[in-house]
Amino acid sequence: MLESADDILRHFAHAESVTSGFDEPQIVEETLKAKLILAENHWRKLIDQAERHGYFRRQIGFLLDFCGAVAASNDLDPCHWEKVEHTIRQANFEQYLTLAEKTFSASDLVDQGRYRWQRALLSNGDYLLPRGSNLSFLVNTITDETSWKRFLRGTGTNPEPREFLKQLWDQLNSNEELDPQLECLIDADHKLEPWREALIHCPEAFEYCEKNYMRKESQNTIYLLRRTQLNGFHADLFTYCLYVELKSTLKILRPSHWDVPDKYTEPCLNLIGNLKGKQITFSVFSDNEGYRIQIPQTDCSEYENLEKALKNVEYSVEGNFLQRLLSRSDINSHLKALDEVFDSV
């Protein structure tokens, strides 16, 4: 805002209807900024600093909301606040502004390639924005309906997704390096819905999604989209994250994730081994609240010891497969045991 334009400030401060050239949320924000500056002049410096940020582009309603100025002004016009009220709100505003400047550059989210902000946000709540049938991890392009800019501006939903950013910022010390703090929050014991837990601990899942989209058909059926649709390559969230984890833990079986290019084929994790010169493949599918592991019966029928060993660990014949169902909590220990069984055959 121009420092000499007190008449403009007064116009906004007393506006009762939408002004030409502004949409309603913007006029509400401009009105509050004007009221704050006219009521206590130190607001001018803080608001000017925030508005100069290249990514926010003068839209700083989220900072006014986070610092408590919006709620306080709904109760009492800022011109009637006590001095201490302004001081408290200004200190809060400055704190959130410092964090905002460290979170966003002039053009995008500050990220070192590990998707720490997205993962830490998911530890607080489901911040994803919808676009058609997809959910977005958010993009930097400010004109996109699933941009970080749109997220900061607000969506009009309840709860407001940007509230999870406030909760995250409230857990951070702006005077210390942020990445280690984010990692600590990511690594904490959250006890969240399984899909959020999987994403939080698997930055590779975000990397897979070139356009930052996933498709959530239910709590247990979630696809990572390479592009934007299921008729393009996509992976199952749970088996993909399991694949990433197993790459560094199995000794004999080689994990390989099979993503698929259409919605009629089920993506899965393959565990590949060699037995007497022949390739043997176990396939792991996401199945409701757990996993389904199967191997074609023909692949192991000629190896009596292998089939016997599998039946000893509760595999049963289902159609043309030897199969076992496992919970998410049991899958890792079972696959490690399977790896050892395969090593001993």
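Values quoted throughout were computed directly from the atomic coordinates according to the rules given, and no laboratory measurement underlies them. Just so it is clear, the model here is predicted, and its values are computed rather than measured. Quick reminder, even Gly has a Cβ in these numbers, built from the backbone with ideal geometry, and neighbours come from all protein chains shown.
Taking the Cα atoms of region 245-344, the ratio Rg/Rh between the radius of gyration and the Kirkwood radius comes to 0.94. So which trypsin sites (Lys or Arg not before Pro) in region 251-345 pass both tests, a DSSP loop state and at most 11 other Cβ atoms within 10 Å of the Cβ? Answer in residue order: Lys251, Lys276.
Residue-normalised convex hull volume from the C-alpha trace of region 116-238: 115 Å³ per residue. Beta bridges per DSSP, both residues in the chain: antiparallel share near 100 percent. Binning the C-alpha pair distances of region 45-85 at 10 Å intervals from 0 yields a P(r) profile of 27, 48, 24, 2 %, listed from the shortest bin outward. A viscosity of 0.692 mPa s and a temperature of 37 °C, combined with the Kirkwood radius over Cα pairs in Stokes-Einstein, give a translational diffusion coefficient for the chain of 141 µm²/s. In loop segments of region 277-345 as defined by DSSP, there are no chymotrypsin sites (Phe, Trp or Tyr not before Pro) with at most 13 further C-beta atoms inside 10 Å of their C-beta. Cysteines of the chain lacking any other cysteine Cβ under 4.7 Å from their own Cβ: Cys67, Cys79, Cys184, Cys209, Cys268, Cys300.
Measuring nothing but how far apart in sequence close Cα pairs (under 8 Å, 6+ apart) lie, relative to its length, the chain scores a relative contact order of 9 percent. Applying a length cut-off of 18 Å (Cα extent along the axis) and a mean Kyte-Doolittle floor of 0.0 to the DSSP H helices of the chain leaves 24-39.
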